[in-house]
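The values are calculated or read from the model by the stated rules, or taken from the named source; none is laboratory data. Since we're looking at a predicted model, the values are computed, not measured. Every residue, glycine among them, receives a Cβ derived from its backbone with ideal geometry; neighbour counts consider all protein chains shown. Heavy atoms of the whole protein, side chains included, go into the accessibility calculation; ligands, DNA and RNA do not. Shrake-Rupley method; radii C 1.70, N 1.55, O 1.52, S 1.80 Å.
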Amino acid sequence: MTVTTAPEPVVVDELITETADRLFGELCTHEAVQAAEEAGVAPDIWDAFCETGFDLIAVPEEAGGSGGTLAEAIEVLRLVGYHSAPIAAAENGILGGWLLAQAGIERPDGLVTVVPPRAAEVGWSGGGACSMEIAGDGTAVLNGEAHRVPWARSAELIVCVCDCDGQTSVVAVPASECEITPLPNMAGEPRDTVRFVGAAGVAAPAPDGVDAEALAQRGALSRVALMAGAIEKMCQLTVSYTNERVQFGRPVARFQAVQQHLVWAAQDAALVRMAAEVAAREATRGEAPFEIAAAKLIANQAAARATKACHQAHGAMGMTQEYPLHHFSRRLWSWRKEYGSDAHWSAVLGTMATAVGADGLYPLITSGTAALR
């Protein structure tokens, strides 16, 4: 007789949620987010974020981080999206900080960003093709070009995953060694072009489980968390606006056609948040390729539906710079293309489904990644 025990519950400390929500609520005003879009940076918000230790949450303390779990880091990212905080929270911590810690590379005091892995499929936003050589003194020399690298212009260190002579390595290059062309995404956040021309850095062998695929999954999870927060806030803005806006003698929220938009948006907000929490919980316990792939696909599709519904309910007001709705809708349309489009994650899920066969499909849906083992 085989006895299986239930896995340990994954719990996020409520103090983390309360502190992050209060911090962003005070600092991420409409004016501050607008100013960051024009300047490409938000130093006041970033400095306050770092003072709390949230910038390195889920990075082990022995690697210079704040400790904590991946689920707690994902909760912080959800609030980054909820308040449209214009900071490199995902890149510095659960992506760049994770890569450096896993490879045993010392991290600097400044901002760390990551080159997204490149995928061949149309619709994958960003990434680069870089080649690495090891010089006689042991220095890693990087050549190539990477596109849509988040926050590269503000970074002190740029990290990527490279293959050299059959060995996967984590490579860290000072930003001062690179040629950086500033470019924004649709939301005005930096997504810069980085050229490595004989850029000297540090390389270390990547341990098992750290490669381009793992980075893609972790990056996708970060975008799901950001999108969950943004959709939730966008939905709340829409409910408030339609209850305050009076047309034909009553709030427009009382009209059935508008109520339909509100219901659709609320459904998507709840769905994406649940998908983010499930994926974060399973990723905290171990590998979660099925949960992450499903969550990113759900978030991508929900972002399209929710932004349409919320803008429809707002009418012309939602298109103005003075009103904050665009802070969320433009970020959603940018994030849904990063770390995998609908087509990419649909193909990933399809591959998993065909691999388990007809008899394994139901267990895959109900048990997730556990059914693949």
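For the chain, the longest principal axis of the C-alpha atoms and the axis of helix 289-314 are separated by about 40°.
From most to least packed by mean Cβ count within 10 Å, the peptides 249-255, 82-88, 58-64 give 82-88, 58-64, 249-255. Couplings 3J(HN,Hα) for the range 230-245, derived from phi with the Karplus relation 6.51 cos²θ - 1.76 cosθ + 1.60 (θ = phi - 60°), are 5, 5, 4, 5, 4, 5, 5, 4, 5, 4, 5, 5, 6, 7, 8, 7 Hz, where x marks Gly and Pro.
Alpha-carbon geometry of the chain: the Rg and the Dmax are 21.0, 79 Å, given in that order.
For the chain, the Cβ-based charge dipole about the Cα centre amounts to some 1780 debye (Lys, Arg positive; Asp, Glu negative; other atoms uncharged).
Diffusion coefficient (Stokes-Einstein, Kirkwood radius over C-alpha pairs, 20 °C, 1.002 mPa s) for the range 1-152: 122 µm²/s, rounded to a whole number. The 3J(HN,Hα) values that the Karplus relation (6.51, -1.76, 1.60; θ = phi - 60°) gives for the range 348-360 are, in residue order, 4, 5, x, 5, 5, 5, 5, 5, 7, x, 4, 6, x Hz. Gly and Pro appear as x. About its Cα centre, the range 127-271 has a charge dipole of approximately 1180 debye under the convention of +1 per Lys or Arg Cβ and -1 per Asp or Glu Cβ, with nothing else charged.
Computing FRET efficiency as 1/(1 + (r/R0)^6) for ASP165 and MET317, where r is the C-beta to C-beta distance and R0 is 51 Å, gives about 0.30. Taking only protein heavy atoms and a 1.4 Å probe, the accessible area of the chain is 53% carbon and sulfur. Here the range 226-373 is described by how far its Cα atoms reach on the three principal axes: 59, 28, 26 Å, from widest to narrowest. Rounded to the nearest 500, the helix-only mean residue ellipticity at 222 nm of the chain stands at -16500 deg cm²/dmol, with each DSSP H run of n ≥ 4 adding -39,500 (n - 2.57). Just how far, in whole angstrom, is the range 246-274 from the range 47-98 if you go by their alpha carbon centroids? Using only Cα atoms, the two centres lie 33 Å from each other. Each of the peptides 67-73, 195-201 was scored by the mean count of other Cβ atoms within 10 Å over its residues; in descending order, highest first, they stand as 67-73, 195-201.
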